[in-house]
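Peer 1: Here it is: the structure, laid out below.
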Amino acid sequence: MAGRWKNDLGWSDVTPKAAFLNRRRLMAGAGALALGGIAGPALAKLGAMPSRYSTDAAPNSLEDISSYNNYYEFGTGKDDPARNAHTLTTTPWTVKIDGLVDKPGDYSMDDILSGVSLEERIYRFRCVEAWAMVVPWVGFELADLLNRVGVQPSAKYVAFETLMRPEEMPGQRRAILDWPYREGLRLDEAMHPLTILANGIYDEPLPNQNGAPLRLVVPWKYGFKSIKSIVRISLVEEEPHATWNVTNPREYGFYSNVNPEVDHPRWSQATHRVVGGGLFAKRVPTEKFNGYGEEVASLYDGMDLAKLF
Ligand SMILES: Nc1nc2c(c(=O)[nH]1)N[C@H]1C(S)=C(S)[C@@H](COP(=O)(O)O)O[C@H]1N2
Ligand SMILES: [Mo]
């Protein structure tokens, strides 16, 4: 089977995107009442609107996206999160927003989702391990949330933290990483319109293994920057602790922009494998900034991305 990437035949060739989005919007409008029976006992549709930031590349199947995961809180095998993450309680959920903000507080998911408009963002997603997928996320711009809580002028970075709950996260009972998982962005990266907080995939709530109920998605950076199941967002002055960067700074930089010119010390980053493309699928060239250079390259003007990777 051919790998589904850019010019290969794929889902988007079979279903023209406009028609697909239209049909889905109609379904969202009609509500679960009229059409829910046809769709089966599906989860509530989120009703996300299409976005100009979406790629035309064919999305991976929900099966691919929710069965091949990195989420070490649930084990280090690619199929461990799908097997184990059902134990995670995601309601109620609060996100503490603190640090250099005008309105710090403990915000419920309802607080957070009220006043944002959910969009579908079909993004390329590239893991530092040299595999990739295309994911139809549902979410909203992180900037929307940060603007609502009011970022103070002295803030330079945003720090994120994953839930710490070893009773429900078996991986946290072992010293695989220095828990809780933490990540960070420079403020301008965090405010960039491509940076989203996602609460869904394929117009349905996020599967637990993908970081329910709320996870970061930064499509021009290696996947480990896209931290899952966020419980804390802090506006800070200094470069924040980032789990993989601190664990192994020689191999994982704080910035970790996708970059085919800077190899991982143990493997090449020049190409990657598309998940779902089959065992014998050809590797495809990796693009700088994962193909989002036009949008984000200027954030790094004057920086040596080989040294400050
Ligand atoms: N809390 C937490 N977030 C995490 C991880 C993790 O182990 N724990 N893995 C990261 C890595 S390495 C990748 S590639 C992506 C994978 O996201 P996905 O499973 O939705 O494809 O999540 C990132 N976010
Ligand atoms: Mo990753």
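The values are calculated or read from the model by the stated rules, or taken from the named source; none is laboratory data. Predicted, not measured: the structure shown is a model, and the values here were computed from it. Note that we place each Cβ from the backbone using ideal geometry, even for glycine, and neighbour counts take in every protein chain shown.
Peer 1: How many of the residues in segment 58-68 are in contact with a Gly (Cβ under 9 Å, 6 or more places away or on another chain) and polar (S, T, N, Q)?
Peer 2: Result for segment 58-68: 2.
Peer 1: Scan segment 223-244 residue by residue and report those that are near ligand 1 (Cβ under 7 Å from one of its atoms), crowded, with 22+ Cβ neighbours inside 10 Å and not small (Gly, Ala, Ser).
Peer 2: Selection gives Ile227, Lys228.
Peer 1: Now, a different point. Could you give me the residue pairs with C-beta distances under 8 Å whose first residue belongs to segment 183-203 and is under 17 Å from Val158 (Cα atoms) and of a type in the set (Val, Ile, Thr), whose second residue is part of a loop (DSSP other than H, G, I, E, B) and modelled with pLDDT of 95 or more wherever it lies, and which are 6+ apart or on separate chains?
Peer 2: Taking only residues 6 or more apart or on different chains, the pairs are Thr195/Val218.
Peer 1: Right, another one. Among the residues of segment 255-284, what is the count of those that are among the charged types (D, E, K, R), touching a helix residue (DSSP H, G or I) at 6+ places or on another chain (Cβ under 8 Å) and farther than 25 Å from Leu185 by Cβ?
Peer 2: Selection size over segment 255-284: 0.
Peer 1: Has segment 139-146 got any residue that is among the small types (Gly, Ala, Ser), within 16 Å of ligand 2 (Cβ to nearest atom) and buried (at least 18 other Cβ atoms within 10 Å of the Cβ)?
Peer 2: The answer is no; no qualifying residue exists.
Conditions (1) at pLDDT 95 or above; (2) in contact with a Cys (Cβ under 7 Å, 6 or more places away or on another chain); (3) more than 16 Å from ligand 2 (Cβ to nearest atom); (4) in a strand (DSSP E or B), marked per residue:
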residue: Met164; (1), (2), (3), (4): yes, no, yes, no
residue: Glu168; (1), (2), (3), (4): yes, no, yes, no
residue: Gly171; (1), (2), (3), (4): yes, no, no, no
residue: Ile176; (1), (2), (3), (4): yes, no, no, no
residue: Trp179; (1), (2), (3), (4): yes, no, yes, no
residue: Glu183; (1), (2), (3), (4): yes, no, no, yes
residue: Ala190; (1), (2), (3), (4): yes, no, yes, no
residue: Pro193; (1), (2), (3), (4): yes, no, yes, no
residue: Ala198; (1), (2), (3), (4): yes, no, no, yes
